[in-house]
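Engineer: Quick one: the structure is below, questions incoming.
What follows draws every value from the coordinates through simple rules; no lab data is involved. Predicted model only: the values in this text are computed from it and were never measured. Cβ sites come from the backbone with ideal geometry, for glycine too, and all protein chains shown count toward neighbours.
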Amino acid sequence: MIIKAVKFRKDGFYSQPFVFGGEEGTDKFDPNIRYRGSLQNYLIDTGSEVILVDTGLPKGTPEEAPDESSILYTGKDICSYLEAFANLGYKPEQITKILLTHKHNDHSGELKSFPNAQIFVNEDELVADELQGIPNVVPVKFTDGAYYNFPESQKIAEGIYFIKAKGHTNGNSIIIVESDGLFYMLHGDITYVDEALYDNKLSVVFDDKAAARETMDRVREFVRNHPTVYCGTHTPQGYENLEAKRVIDLDNPVPTVLAEVDFSESKSTGVYVCSICGYVYDPAEHDGESFEDLPDDWKCPRCKQPKEKFNKA
C-alpha cells in the first residue's frame, strides 16, 4: 500500500480566527497569527488498483490576491491538479475508484477527468450542485456498521474504509487506510491546520456545528487510541505527516511554523474567488456589478459563506 500526496498549491495561509473561531467566535483569536496553507489531495496505490481521495480544483481556477484583511488564502499554483496527478506517474484511465470526502470544489473539481472511476460519495452529499451531471457515482450508505468509535462506515477495499463524519458539510466523510500497523486518516476538512486538532478548535466553516463538534471529538478519541498519521488538504502538515509517517500525539504537538506572508505582489482583477468552495464571482457574468457593490449580507451562491470568505483574484 502506497499513499502519495497530489500537491497543487503552496504558500497559502489560514488565520487563527478562521481555524479556531467556530465555537468561541473569531474575536477571541489573533488575526495576525497565520498558519501555513497549501492544497493537496491524496492517491492510494494498493498494488492491484489506484484510488484517489478527492480531485482538486478545476483547471483554470484563478489564483487569489490576498491582502492584510484576508482571513485565508489557498496559495499559489504549483501546477493544475491534473498536472500534479500526472507528475506522480499515473494516467487518468488507471483510476478505478475516487473517494470523495465532500462536495467543495477543491475536493471535487476534476471528478469528470477520470472516465473509468467509480465515484464513491456519502449519499447525503448527492444533491450538491458540484455533483450534478457526474457519471459513475456510487452512493455510500455506510452498511458495514461501526469502525472503532465511528458509528457508521463502509469498507471500500482491503484496509480502506469510508467513515461518516458529518459537520463541515452534511455529507462530509473521512477515509482511513490501514497499512503497516498505522492508520492514515485522509480527512475532509475536519481541521484546516493541525494546530486546530491539537487545540481542539473548530473552524468557522460548517453546515452543522453540533455535528462538527461530535466528529472532532470522535477524531481526537480515535487518534489517542490508534497510531494515526493525520493527512489534511489545506496545510503542508498534511503531506509532511504522510512523508515522515508521523503519528499524531495530542499531548506533544509538532512545533508551529507560521506562514511567511508577502502582500506586495497582490494585484486585483475585479474577479473574486470563494476560498471555501472555489466559486468564481466575475462581474462580467453579473451585469457588470462589482463584488464590492454586492450587499453586505450577500453569500456565496454555492456554499452560502459570507463575502469575507472571498479573496481577490
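Engineer: Is there a quick way to get the dipole size of the range 2-244? I mean about its Cα centre, with the Cβ of Lys and Arg at +1 and of Asp and Glu at -1; what is the value in debye to the nearest 20?
Structural biologist: For the range 2-244, the charge dipole is close to 320 debye.
Engineer: How much length would be gained if the chain were fully extended between K299 and D45, taking 0.36 nm per residue of separation minus their Cα-Cα distance, in nm to one decimal?
Structural biologist: 87.5 nm
Engineer: Most fluctuating residue of G25, G181, G109 in a GNM of the chain with Cα springs under 10 Å: which is it?
Structural biologist: Per the Cα network of the chain with a 10 Å cutoff, G181 tops the list.
Engineer: Where does the charge balance sit around G37 when Lys and Arg score +1, Asp and Glu -1, over other residues with C-beta under 10 Å from its C-beta?
Structural biologist: Local net charge: +3.
Engineer: Sticking with this structure for a sec: Using only the Cα atoms of the range 225-279, build the gyration tensor, take square roots of its eigenvalues as a ≥ b ≥ c, and label the shape rounded, prolate or oblate: rounded if a/c is under 1.5, else prolate if a/b is larger than b/c, else oblate. Write out the running numbers ahead of the final one.
Structural biologist: On the way: a/c = 3.52, a/b = 2.15, b/c = 1.63.
It is prolate, given that a/c is not under 1.5 and a/b is the larger ratio.
Engineer: Separate question: Report the dimensions of the range 2-244 along its three principal axes from the alpha-carbon atoms, largest first, rounded to Å.
Structural biologist: Answer, in whole Å and largest first: 48, 39, 37 Å.
Engineer: On a 29 Å Cα-Cα criterion, which of the cross-link pairs K209/K307; K10/K155; K76/K164; K59/K304; K91/K312; K245/K304 come out too long?
Structural biologist: K10/K155; K76/K164; K91/K312; K245/K304
Engineer: Would you mind calculating the gained length between R220 and K112 on full extension (0.36 nm times residue separation, minus the Cα-Cα distance), in nm to one decimal?
Structural biologist: My answer for the length gained is 35.5 nm.
Engineer: Roughly how many whole Å is it from the C-alpha centroid of the range 201-230 to that of the range 100-131?
Structural biologist: That distance is 22 Å.
Engineer: Let me ask another. How much length would be gained if the chain were fully extended between K91 and K209, taking 0.36 nm per residue of separation minus their Cα-Cα distance, in nm to one decimal? All intermediate terms of the calculation are to be shown ahead of the outcome.
Structural biologist: On the way: separation 118, 0.36 × 118 = 42.48 nm, distance 3.88 nm.
Value of the extension gain: 38.6 nm.
Engineer: Relative to the longest principal Cα axis of the chain, at what angle does helix 209-225 sit, 0 to 90 degrees, rounded to 10?
Structural biologist: 50
Engineer: Tally the DSSP beta bridges in the range 93-237 and give the antiparallel ones as a percent, rounded to 5. Walk me through the intermediate numbers first.
Structural biologist: Values: 16 of 28 bridges.
Among the beta bridges of the range 93-237, antiparallel pairing accounts for roughly 55 percent.
Engineer: By count of other Cβ within 10 Å, fewest leading, how are R218, R224 ordered? Kindly include the intermediate steps, with their values, before the conclusion.
Structural biologist: Numbers: R218 18, R224 13.
Fewest-to-most ranking of R218, R224: R224, R218.
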